[in-house]
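Novice: Attaching a single structure in structure tokens format; questions to follow.
All of the numbers you see were taken from the coordinates with simple rules; none came from a lab. Model, not experiment: these values are computed from the prediction. Quick reminder, even Gly has a Cβ in these numbers, built from the backbone with ideal geometry, and neighbours come from all protein chains shown.
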Amino acid sequence: MNHSFFCCSGSEANEGALLLARLYTGKNEFISLNNSLHGRTYLTMSVTGLPMWRADPMLSDCVTFVPNVYSKEKTLDEAATDSLKAIEDVISSKGADKIAALIAEPIQGNSGIITPPQWYFKKLKTILEKNGILLIIDEVQTGKNY
């Protein structure tokens, strides 16, 4: 690692990561998981998938939300597989040339401690790398290491 960017909050760190993803890739759009919480700044609220935290009625429309890894009707593995399929569908329909990054929490804390199966992020990373899309990991609450 050659550079560091120190921040005072998770919102500031995520806003910076989203901006850097746009600058690095030259792309404008993002993918985010339903029920995610990424911060209280403009762009971080835009990528937040919990309606109660999306306080600004005019948030950016540069974000596509996909299912997270939880479903009352499915097993964890089924829901995780469906999440990855939805991500592939978004990449296919929007075009990888438009999507700068996907932002995700390793464990969604404010959604009820939603923990994906161990294989989820490995498969997610493979899908994103194949399409030239960055992965931003929003790790503030859990200290989980993948």
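Novice: Subtracting the Cα-Cα distance from 0.36 nm times the residue separation, let me have the gained length for Ser9 to Tyr24 in nm, one decimal.
Specialist: Full-extension gain reported as 3.2 nm.
Novice: Now a separate question. If R0 is 22 Å, what FRET efficiency do you get for Thr126 and Ser71 from their C-beta distance, rounded to 0.05? Could you put the intermediate results ahead of the total?
Specialist: Working: r = 23 Å, r/R0 = 1.02.
For Thr126 and Ser71, the calculated efficiency is 0.45.
Novice: Then there is this: If amide H atoms are built 1.01 Å from N in the plane of the peptide, which residues on other chains or at least 5 residues away come under 5 Å of the amide H of Thr64?
Specialist: Phe30, Ile31, Ser32
Novice: Shifting gears a bit: Which aspartates and glutamates does Lys72 reach when only Cα atoms under 15 Å apart count, and residues fewer than 8 places away in its own chain are ignored?
Specialist: Lys72 reaches Asp82.
Novice: Still on this structure, I have one more. Cβ neighbours within 10 Å, averaged per peptide: list 21-28, 80-87 in order, most packed at the top.
Specialist: On the way: 21-28: 14.6, 80-87: 19.1.
In decreasing order of mean packing, 21-28, 80-87 become 80-87, 21-28.
Novice: Measure out, as a whole number of angstrom, how far apart the alpha-carbon centroids of region 95-135 and region 6-84 sit.
Specialist: For region 95-135 versus region 6-84, the Cα centre distance is 10 Å.
Novice: Where does the chain land at 222 nm, in deg cm²/dmol rounded to the nearest 500, when only DSSP H runs of n ≥ 4 count, each adding -39500 (n - 2.57), divided by all residues?
Specialist: The helix contribution divided over the chain gives -11000 deg cm²/dmol.
Novice: Determine which residues of region 121-139 fall in the zone a paramagnetic label at Lys98 would reach in this model, i.e. backbone nitrogen under 17 Å from the point 7 Å along Cα→Cβ.
Specialist: Output list for this probe position: 131-134.
Novice: Order these by the 10 Å Cβ neighbour count, fewest first: Trp119, Trp53. List each step's numbers first, then the result.
Specialist: Values: Trp119 12, Trp53 15.
The most exposed by this proxy come first: Trp119, Trp53.
Novice: Want the number for Leu135 to Met52: 0.36 nm per residue separation, take away the alpha-carbon distance, what's left?
Specialist: Separation in residues times 0.36 nm, less the Cα-Cα distance, equals 27.4 nm.
Novice: Test of understanding: in a Gaussian network model of the chain with alpha carbons linked when under 10 Å, which of Asn35, Asn110, Asn68 would top the mean-square fluctuation ranking?
Specialist: Top of the fluctuation ranking is Asn110.
Novice: Hey, another quick one. Using a cut-off of 22 Å between alpha-carbon atoms, which lysines can reach Lys130, once sequence neighbours fewer than 8 places away in the same chain are excluded?
Specialist: Lys27, Lys85, Lys94, Lys98, Lys122
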